[in-house]
Structures are given as structure tokens and as C-alpha cells.
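J.: Could you have a look at this structure, given as C-alpha cells, before my questions?
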Amino acid sequence: MNKFKGIIPPVSTIFDEQGKLSEGEMEQLIDRLIEAGVDGLLFLGSGGEFSQMSREERLETAEFAVSYVNKRVPVLVGTGSTNTREAIDFSGHAQRIGADGIMVINPYYWNLSDGNLYGYFSQIAKSVDIPVLLYNFPNLTGQDLSPDFVARLVDDHPNIVGIKETVDSVGHIRDMIMQVKHKHPHFSVLCGYDDHLLNTLQLGGDGTISASGNFAPRLSIDIYRAFTNGDLEKAAALYKQLAILPQLYKLDSPFVNVIKEAIKQCGLNISTYVLPPSAPLNEEKRSHVKAILAEAGVLPAAKQ
């Protein structure tokens, strides 16, 4: 099984003004991220707008992404659903088209009993032979994946090889590392929030799958490389820049429109169309995006 580590952007899905997949602009974004030195790419995560897509749109996006990346870096595909049968279908499709792994969020309507939640992940893991990463985002699902629960899943399913921890809690990340990774060293713990990257690495975690990877990948890449090279002073200095960026995500909800605007302002001329119920940013919020990017020092020189 592949070990997923380092900087893995949750790639925004770019649409044209009619809401159709913009393959040319997706190609530009993918190439830019790979050229920056990312360690993998996640498609159809929260920032990829999977929850606003139809089944057909999810399949189309996954097929395009896996084909275009063409093994240049590992590709994860988000396959979670409120419907176990659909999640299994998406997961099997991801395996058939050549994805390197899948990432699975828990159902986000019902608050499931422990047994039913275990059954959901267990059935999906058994349905495929490729690596499975769990996606813990309790603010959206309403249900946390505890370290004890995750440890039980990993004990029983060798292809569950990691977790994206989108939790604003150092303690939760620490306990996931201590209880799961210490027992299963191959297990990857990746934070979901930009400003938890350095403390995740310091605790023994593996990296991040965070939104800024779309528009400021070098910042996280350089933090990761400085840390792994033992240059903690450089990592800490860059981390101060990175810690500015979460201000962006308070500008709207869902903040997929903010990410696309940031990508555009950072030099890639893409469509910023978002699927409803999201809506384009107004001029005032676009100005806020620019100000935050400038404060973090990630705008191109011509945009300063």
C-alpha cells in the first residue's frame, strides 16, 4: 500500500460559466501544482465541490483527473456519500480507473450509531483493494471519528492507511498519532487545516491536505521540506505566513469561491464559477481575499 505524506492539495474543480467541467483550466491547475512539487493530489474533496455534484459529474471529474495526472503523483479520489451503496460504487469506480487511493468521509445527515458507522467504513474498505483514507470533518458531518474508533477500523482493515483530520484541535491530532500511528506506523495522519501543519509534523504526523495547497502550494511545501531537513527555524518563519491564510475561509461558506478567487489572484486565470448553492464573491470580498494574500506574502509581484 502507498504511504500518503507531505503536501497533498484538495484540488478545486474548475467549471465554465455553464457549470461544465473546464478540462483546459483543470489541466493548467494540475500542472502548476505538480510543477510546484506537491506529493499528491486529492480530487472530489470538500473544496472540489463533490457535495454539489451529480453522480455523473463526480464520475466525469474522477476519470478526467486520474487520466490527466497519469501517475505523475499519487491521486486520491473522494468517494464518500450519505448512501453506503453509492460510496461503494464510487470507490469501485476509482479503483477501476486507476486512482492510487480513495478518501471517504462519513455520512453527513444521520448521526449514526457506532456499529452503523463502523459498518459503513468497513463495507467500503472491503469493496476495494486500493488504499483508503478516512476523512474526519465533524463540523460538517456532525460526528467525530475518535482515535479509538479509527484504531479499531485500522486493526481490522489493512487497506485503511490514513486519515485527514479536519479538526481544530491539537489534542485530537496528537491522540490520533499516539493511539493509531504508534501501533500502525504505516498509518498517515494528515491535518486538514493550514495552521495545524507544523504542529502535526512535530507530533509525528505526516503532512496536510489543506485548501491553501491550491493557490500557495510552495508555502506548505517549503515548511514540510524545511522540517524534514531539520531546519526548524525556517519552518517556523514560513509557518507564520501560512497562519495568516485561514482568515480567507471566514469570508464565505462554503468557501470554495474564496479558494478559486485566491487561485486566480495568485496568477492562474481560471473561471471562478461555483456550483449552487455557492455563489460568486462580490467585489468587497474579492478585495479582502487580495489583502489577506498580500499580508501572507503569496501574491505574485505584479499583483502586490
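J.: When the Cα centres of segment 276-294 and segment 141-181 are compared, how far apart do they sit, in Å?
T.: If we compute the Cα centre of each part, the gap is 33 Å.
J.: Could you let me know the centre-to-centre spacing of segment 67-89 and segment 105-121, using Cα atoms, in angstrom?
T.: Here the answer is 19 Å between Cα centres.
J.: If you average the sequence gap of Cα pairs under 8 Å that are 6 or more apart and divide by the length of segment 130-204, what percent do you get for the contact order?
T.: About 31 percent, as a whole number.
J.: Given the options PHE90, THR13, LEU112, identify the residue whose Cα lies farthest towards the positive end of the charge dipole of segment 1-156 (+1 on Cβ of Lys, Arg; -1 on Cβ of Asp, Glu).
T.: Projecting each Cα onto the dipole axis, the largest value belongs to LEU112.
J.: Please figure out what share of the DSSP beta bridges in the chain is antiparallel and state it in percent, rounded to the nearest 5.
T.: Here the share of antiparallel DSSP bridges comes out near 5 percent.
J.: Counting only C-alpha contacts under 8 Å and six or more residues apart, can you give the relative contact order of segment 6-233 as a whole percent?
T.: Over segment 6-233, the number comes to 20 percent.
J.: Also, I was wondering about something else. Rounded, prolate or oblate: which fits segment 6-233, taking a ≥ b ≥ c as square roots of the Cα gyration tensor eigenvalues, rounded meaning a/c under 1.5, else prolate when a/b beats b/c?
T.: The shape class here is oblate.
J.: Along segment 213-226, what does the Karplus equation 6.51 cos²θ - 1.76 cosθ + 1.60 (θ = phi - 60°) give for ³J(HN,Hα), rounded to whole Hz, x for Gly and Pro?
T.: Per residue, the Karplus-derived 3J(HN,Hα) values read x, 6, 10, 9, x, 5, 4, 5, 4, 5, 5, 4, 5, 4 Hz.
J.: Using +1 on the beta carbon of Lys and Arg, -1 on that of Asp and Glu, and nothing else charged, what's the dipole of segment 6-233 about the Cα centre, debye to 20?
T.: 560
J.: Which of ALA216, ALA279, ALA65 ends up with the largest GNM mean-square fluctuation for the chain, with Cα atoms connected below 10 Å?
T.: Its mean-square fluctuation being the largest, the pick is ALA279.
J.: Take the alpha carbon gyration tensor of segment 1-95, find the square roots of its eigenvalues, order them as a ≥ b ≥ c, and report rounded if a/c is under 1.5; if not, report prolate when a/b exceeds b/c, else oblate.
T.: Here segment 1-95 falls in the oblate category.
J.: With point charges of +1 on the Cβ of Lys and Arg and -1 on the Cβ of Asp and Glu, referenced to the Cα centre of the chain, which listed residue (ILE160, CYS266, ALA301) lies farthest in the positive direction of the dipole?
T.: After comparing all options, I get ALA301.
J.: Something else now. For ILE160, enumerate residues with amide H under 5 Å from its amide H, sequence gap 5+ or separate chain, H modeled in the peptide plane.
T.: VAL132
J.: For a quick check: with amide H placed at 1.01 Å from N, whose amide H comes under 5 Å from MET103's, ignoring anything fewer than 5 positions away on the same chain?
T.: Distant-sequence amide H within range of MET103: VAL77, GLY78, THR79, LEU133.
J.: Taking LYS285 as the anchor, which lysines have their alpha carbon closer than 16 Å to its alpha carbon, excluding any fewer than eight residues away along the same chain?
T.: LYS250, LYS260, LYS264
A short reminder: the numbers here are calculations on the coordinates, not readings from a lab. Quantities reported herein were computed from a predicted structural model and do not represent experimental measurements. Every residue, glycine as well, gets a Cβ built from its backbone with ideal geometry; the counts of neighbours run over all protein chains shown.
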